[in-house]
Protein chains: 2
Amino acid sequence: MLSNGVYVLTARCAERYGAATVSWVSQVSFEPPLVAAAVRRDSNVFRCFAGSGRAALHVVGEQQRDIARRFFFPTRAADGAINGEPFAEGATGTPVLPSLPAHVECRVEQIIDTGGDHALVILKVVEAECREQRARPLTIAQTPWEYGG
Amino acid sequence: MLSNGVYVLTARCAERYGAATVSWVSQVSFEPPLVAAAVRRDSNVFRCFAGSGRAALHVVGEQQRDIARRFFFPTRAADGAINGEPFAEGATGTPVLPSLPAHVECRVEQIIDTGGDHALVILKVVEAECREQRARPLTIAQTPWEYGG
């Protein structure tokens with residue numbers, strides 16, 4: 001009965017790309033602006049942001065369930081697309097997905113071992129872009145999923 | 001554009017009670033079941049769970065905005081009620097609020113200094129009770145609030 005959104009987390013380390021749909025995300029500070037995300041350590045995206053210290057967190061729009069679904073699968077970057085979704089290079093060098101309505105680019109501040117099956121990464125927002133002010137974010141409650149990765 | 005629920009976090013340390021509405025909450029592990037919550041260090045509830053190592057996190061139902069609002073104010077426990085809301089003692093000794101549809105009682109596993117304006121507490125679920133299976137949880141998006149404390 002906890003309420004969660006649906007997000008796509010991306011990262012790049014040298015020539016390796018990682019992207020995954022995640023739902024265990026929350027802001028944790030106003031000043032500085034910090035966000036926490038629980039991420040599986042065996043995921044590609046984890047290895048990428050742990051290596052580069054950079055990640056981008058994208059909001060998925062209410063009508064974009066299909067895009068979120070693409071990032072349930074292992075990352076495959078080719079021809080300017082990650083898992084078939086076009087990407088650009090953000091200000092921090094992190095891949096950003098312009099088809100999603102908003103994203104923040106972040107610096108990895110801490111990776112916390114909680115003793116659980118996900119690591120908790122604390123991200124400091126260094127860039128933010130909102131392409132669609134009116135977009136309504138997709139939530140887990142609106143999907144058939146109980147957990148978004 | 002991050003999606004958040006609305007929760008009431010309670011704790012007790014000896015004869016001192018703390019209760020606050022919080023919204024920066026997410027599950028962070030399946031096994032063991034862990035939840036993270038960002039809480040202001042100067043709050044009563046922070047001091048109580050930091051002292052006792054126990055806290056209870058309650059889901060607020062869709063129609064219970066007024067109950068959430070009560071816990072925006074400083075904690076006052078008197079006559080079996082906290083801020084006017086009746087409470088019982090949970091299995092861990094933590095005050096639980098039976099008017100809310102579900103709660104988990106937790107052990108404090110870690111309190112993390114993120115460098116931000118809230119501390120991040122990692123809670124391990126040790127007891128759970130769902131009184132209303134059909135309750136729909138209140139989310140911040142359904143309220144006039146941008147942030148629930």
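The values are calculated or read from the model by the stated rules, or taken from the named source; none is laboratory data. What you see is a predicted model, and the numbers here were worked out from it, not measured in a lab. Every residue, glycine as well, gets a Cβ built from its backbone with ideal geometry; the counts of neighbours run over all protein chains shown. When the accessible area is computed, the model is the full protein with side chains, heavy atoms only, and any ligands, DNA or RNA have been set aside. Shrake-Rupley method; radii C 1.70, N 1.55, O 1.52, S 1.80 Å.
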(Q) Counting only other residues whose beta carbon sits under 14 Å from that of A:V6, what net charge do I get with K and R as +1, D and E as -1? (A) +1
Q: Read phi for every residue in segment A:36-50 and hand back ³J(HN,Hα) as whole Hz from Karplus 6.51 cos²θ - 1.76 cosθ + 1.60, θ = phi - 60°, with x for Gly and Pro.
A: 10, 9, 9, 9, 5, 5, 8, 8, 4, 5, 4, 4, 5, 6, 5
Q) Accessible surface of B:Y17 in the full protein assembly, 1.4 angstrom probe, to the nearest 10 Å²? A) 50
Q: For chain A, report the accessible area per residue in Å² (1.4 Å probe, heavy atoms, rounded to an integer).
A: 44
Q. What accessible area, summed over both chains, is buried at the B-A interface (1.4 Å probe, Å², nearest 100)?
A. 3000
Q. Over all residues in B:21-34, what is the mean tally of Cβ atoms on other chains that come within 10 Å of each residue's Cβ?
A. 6
Q | Long-range amide H partners of A:L138 with built H, under 5 Å | A | A:V6, A:V60, A:G61, A:E62
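Could the peptides A:127-136, B:21-30 be put in order, highest first, of the mean number of other beta-carbon atoms found within 10 Å of their residues? Let's see the in-between values first.
Values: A:127-136: 12.8, B:21-30: 23.2.
Listed from highest to lowest mean packing, they are B:21-30, A:127-136.
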Q: Apply the Karplus parameterisation 6.51 cos²θ - 1.76 cosθ + 1.60, with θ equal to phi minus 60°, to every residue of segment A:4-15 and state each ³J(HN,Hα) to the nearest whole Hz, in sequence, with x for glycine and proline.
A: 9, x, 10, 9, 10, 9, 10, 7, 9, 10, 6, 9
Q.
Once you place label points 7 Å from the Cα toward the Cβ at B:E31 and A:R69, how far apart are they in nm?
A. 2.8
Q) Counting Lys and Arg as +1 and Asp and Glu as -1, what is the net charge of the other residues whose Cβ lies under 13 Å from the Cβ of B:L120? A) -2
Q: Could you compute the FRET efficiency for A:E146 and A:A91, with r as their C-beta to C-beta distance and R0 at 25 Å, rounded to 0.05?
A: 0.10
Q. Could you give the distance between the Cα centres of segment A:94-132 and segment A:1-70, to the whole Å?
A. 5
Q) Using modelled backbone amide H atoms (1.01 Å from N, in-plane), which distant-in-sequence or interchain residues come within less than 5 Å of B:A128's amide H? A) B:E105
Q. Rounded to a whole number, what % of the accessible area of chain B do carbon and sulfur atoms account for, probe 1.4 Å?
A. 46
Q | Descending principal axes extents, the protein assembly as shown, alpha-carbon based, whole Å | A | 67, 32, 31
Q) In A, who owns the beta-carbon nearest the axis carrying A over to B, and how many Å from it? A) A:S26, 2
Q | Shortest-first distances to equivalent copies, position A:D66, nm, label 7 Å out along Cβ | A | 4.5
(Q) In whole Hz and in residue order, list the ³J(HN,Hα) couplings for segment A:17-26 that follow from phi through the Karplus curve 6.51 cos²θ - 1.76 cosθ + 1.60, θ = phi - 60°; x for Gly and Pro. (A) 10, x, 8, 8, 6, 9, 10, 8, 9, 7
(Q) Averaged over its residues, how many other protein chain Cβ atoms are within 10 Å of peptide B:119-125's Cβ atoms? (A) 3
**Q.** Extension gain, B:E62 back to B:V125 (0.36 nm per residue minus Cα-Cα distance, nm)
**A.** 20.4 nm
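How high is the relative contact order of segment A:1-114? Use alpha-carbon pairs under 8 Å, at least six apart in sequence, and give a whole percent.
Numbers: 215 pairs, mean separation 31.6, N = 114.
Answer for segment A:1-114 is 28 percent.
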Q) What residues have an amide H closer than 5 Å to that of A:V28, excluding those fewer than 5 places away on the same chain, when H is modeled at 1.01 Å from N in the peptide plane? A) A:L34, A:V35, A:A36
Q) What is the Rg over Rh value, at two decimals, for segment A:1-142, using alpha-carbon atoms and the Kirkwood definition of Rh? A) 0.93
Q. Relative to the other copies, what are the label-point distances for A:E31, with labels 7 Å from Cα along the C-beta vector, expressed in nm at one decimal and sorted shortest first?
A. 4.4
